[in-house]
Every structure is written in C-alpha cells, then in structure tokens.
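Reviewing the structure listed below.
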Amino acid sequence: AFARKNQQTIAGAIRLQLENAALLGQLREQRDAAERAVHAKNRFLAATSHDLRQPLHALGLFVAQLRDKVPSADAIELVERAQASVDALGELLNALLDISKLDAGALTPAITEFPINPLLERMLSDFGPVASEKGIRLRVVPSRLSARSDPVLLERILINLVSNAVRYTERGGVLVGCRRRGSNLRIEVWDTGQGIPKEQQEVAFEEFSQLDNPERSRGKGLGLGLAIVKRLASLLEHRIDLASTPGRGSVFSVEVPIGEAQPVVEAARAAAVAGDGIAGAFLVAGHAAPLVQQGMRGLLTGWGCHVVIAASGREALAELEEHDRLPDALICDYRLPGESGVEVIERLRAGTSDDIPAVLISGDTAPEVLGEAARGGHPLLHKPLSAAKLRALLSQLLSGSRAR
C-alpha cells in the first residue's frame with residue numbers, strides 16, 4: 001500500500017511538472033505573440049505617420065497658396081473652411097498616433113536639463129493670438145528655473161493643457177506660470193472657464209471624453225488632449241494635478257524635477273523690421289514627393305522668394321552650382337532618397353562652406369527623428385505643415401542669419 005501510494009505521489013508530481021511545462025510554453029508563446037504584435041503595430045504606426053501626413057501636407061500647402069489668389073470674399077471663406085478641415089485632420093491624426101504610440105510603448109523619453117522659460121514663451125506665441133481672437137487674455141509668467149524632463153514630451157503636455165484652457169474659457173483669461181515645490185518645479189495652467197465637477201474630474205482624462213459637448217462639436221476639440229497628457233505624464237513619471245470649481249475655473253499642473261542647467265537668455269524672436277524679411281530670400285527646399293514639390297514651390301514663390309526645389313542632396317548641390325549666390329536658408333524633408341534630411345543639410349553646408357540656417361520637415365514622430373533633429377540643432381516642423389508657422393520660423397532664421 002505504501003509503495004502504491006508513493007508511486008501515485010511520484011506520478012502526480014510528474015504530471016504537475018508536465019502541466020507546468022505546458023503552461024510555461026503557452027506563456028512563452030503568448031509573450032512572443034504579444035511582442036510580434038507590438039512590433040507590427042510600431043511598423044504600422046511609422047508607415048501611417050508618413051504615408052497619411054504626406055498628401056495632407058501637400059493639400060495644406062495648396063490651400064495656403066489659394067488663400068492669396070482668390071478674388072472674392074465668398075471664395076476666401078471657402079478657402080478658410082478648407083484650411084480648417086485640413087487643420088482638423090492634422091490634429092486628429094497627431095492625437096490618434098500619439099495615443100497609439102503611447103499604448104504600444106513606442107515612445108522613449110530623452111531626459112535632459114533645460115531652461116523652462118523658452119517653452120513658456122512658445123505657449124504665449126502659439127496660443128496668444130487664438131486667445132485674443134476669443135476676447136480673452138493669455139498671460140505667461142517668466143521663470144529662471146530649469147527642468148529635468150524630455151523637452152519635446154513636456155512641451156506636448158503643456159500644449160494640450162494650454163489649448164484646452166483657451167478653448168473652454170469664454171470670459172476672463174488663462175495664466176501659465178511656475179512654482180518651486182522643494183526639489184520640484186510645478187508648472188500650472190489656470191483658467192476662468194466653466195470648471196469641472198469633482199465627480200467628473202477622473203473621467204476628463206479618458207479618451208474622447210468631453211464633459212460639455214454632447215453634440216460632438218468639432219470646435220470643442222477631440223476629447224484626446226487630457227488622455228495624452230495622462231499617458232505622457234505617466235511615461236515621464238511626472239505628477240499631474242487638477243483643482244477645479246464649477247463656474248469659477250480650473251488649475252491643471254504638472255510637477256517635474258528641477259534641473260541644474262543654467263538659465264540662458266534667448267535671442268529675441270524675429271525683429272520688428274519692415275515686413276518679415278521673407279520676400280527676396282533665396283531658399284533651397286529638398287522634397288522627394290512631386291505634389292509636395294509643387295506645393296512648396298508655389299507657396300514660397302507666392303511669398304516673393306527665389307526657390308530651388310531638389311529631390312536629393314546631390315540634385316540640390318548641382319542646382320546651386322548654376323547660381324551665383326548662397327542660399328539664405330534650407331528647408332529639407334527628413335525622408336529623402338538614400339539619406340536623411342539631416343545628412344543633406346550637413347552636405348549642403350559643407351559644400352557651400354557656410355552655416356546656412358535650416359528647417360527640417362517630417363511626417364515621422366519617432367523619438368530617433370526628434371533626437372537627430374535636436375542634436376543637429378535644426379528646428380523641426382511636422383506634417384501637415386502650417387504655412388503660418390513655416391513663415392514665422394523662416395522670418396526668425398533669416399533675421400538671425402542677417403544679424404550674424
């Protein structure tokens with residue numbers, strides 16, 4: 001009886017080991033399948049980001065040209081509606097890709113230390129005109145402190161917070177400022193909007209959540225901004241707080257470690273001179289897609305620029321040999337045949353022996369693209385491109401170049 005019981009125990013142990021081995025095999029298969037799914041999703045996102053942005057980018061350039069050519073007020077209104085639709089598609093594409101990349105774990109923060117004031121100033125320049133059009137005031141309090149974070153991802157958080165504050169504030173204004181909290185920097189966005197009831201504050205951070213938009217009006221946003229903020233803050237390990245009183249307004253804040261980098265004084269943005277310095281500039285633009293080439297040529301020549309459009313770095317150098325002047329600025333797509341836009345910019349600078357100001361344009365939002373642009377010191381604009389942002393950036397670069 002003892003031997004039989006012992007045999008049963010041994011058999012049970014063997015059976016348990018086999019079951020555990022089978023379970024481990026299944027877990028490995030599930031893990032491998034999950035990893036393959038993540039890699040496939042990342043490849044899909046990379047392809048989608050570029051392939052969808054490219055035609056939308058070209059469409060935006062054509063619409064921007066059309067605005068300067070239509071003769072009647074009715075036609076201008078139609079052009080503005082078309083531009084609003086392009087902007088809406090671009091915003092939706094950016095938001096959906098951001099959510100997907102965060103869910104897929106495809107974003108890796110590049111933590112560094114940097115002065116916070118330039119980021120705050122960009123909030124004022126980007127959203128100040130929008131606030132003025134609504135009849136409200138956007139005020140930004142300067143700060144001498146530095147932050148330790150990913151500057152690109154932190155800026156994305158603040159863009160969403162300030163954009164929401166301006167969108168949902170009808171009277172009063174929006175205030176952006178910083179407070180020191182021990183070893184942390186607390187960046188706050190105050191508004192005098194409608195406020196959010198306590199029981200709805202958690203829901204506000206969910207996807208497509210819009211607390212006061214049952215009709216899904218496009219003018220009130222997509223309901224993705226705070227969901228992106230929540231995911232980015234979690235990725236960066238930054239604390240997000242919300243304090244709100246219905247009828248009085250809200251305060252959104254993000255808390256980041258204080259950096260040790262010394263504050264720097266930024267050069268003034270484009271100088272207030274006659275015009276914006278664009279007309280008459282000699283520009284070299286590198287783009288491979290024919291539609292984008294046509295759109296960029298039409299837009300830049302419409303601004304009074306002399307333009308060379310090239311599909312590659314080699315073609316750009318060949319074109320420059322036929323001109324008797326150096327370009328005032330370079331505008332280069334990140335994806336060009338056989339080389340990146342950064343490599344083309346470096347080759348053109350080497351070929352002309354001059355540190356020519358350059359702008360990168362990209363449909364890719366991958367961290368490596370952002371990092372390569374940052375390491376080269378190149379301003380980066382994402383597709384679909386805002387013609388107004390391109391013009392403002394060119395004005396700033398040309399002004400700085402002429403000052404040097």
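The values are calculated or read from the model by the stated rules, or taken from the named source; none is laboratory data. Treat the numbers as computed from the prediction; the structure is a model and nothing was measured. Cβ atoms come from the backbone with ideal geometry, glycine included; neighbour counts cover every protein chain shown. Note: accessible area is taken over every heavy atom of the protein model, side chains too, but ligands, DNA and RNA are not part of it. Shrake-Rupley method; radii C 1.70, N 1.55, O 1.52, S 1.80 Å.
Computed values, structure above
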read-out	value
Within the stretch 146-155, considering residues that are open to solvent by 40 Å² or more (accessible area, probe 1.4 Å) and under 12 Å from residue 119 (Cα atoms), the one farthest from the chain's Cα centre (by Cα)	151
Of all residues making up the stretch 169-191, the number that are open to solvent by 70 Å² or more (accessible area, probe 1.4 Å) and either at pLDDT below 90 or closer than 13 Å to residue 137 by Cβ (or both)	3
Residue in the stretch 300-307 that is buried (at least 17 other Cβ atoms within 10 Å of the Cβ), at pLDDT below 85 and of a type in the set (Val, Ile, Thr) present	no
Hits in the stretch 371-389 (condition: without any contact (Cβ under 8 Å) to a residue 12 or more places away in the chain and under 15 Å from the mean Cα position of the chain (by Cα))	389
Single match in 165, 204 (criterion: over 27 Å from residue 258 (Cβ atoms), in a helix (DSSP H, G or I) and either open to solvent by less than 20 Å² (accessible area, probe 1.4 Å) or at pLDDT below 85 (or both))	204
Of residues in the stretch 287-299 being open to solvent by 10 Å² or more (accessible area, probe 1.4 Å) and of a type in the set (Gly, Ala, Ser), the one farthest from the chain's Cα centre (by Cα)	298
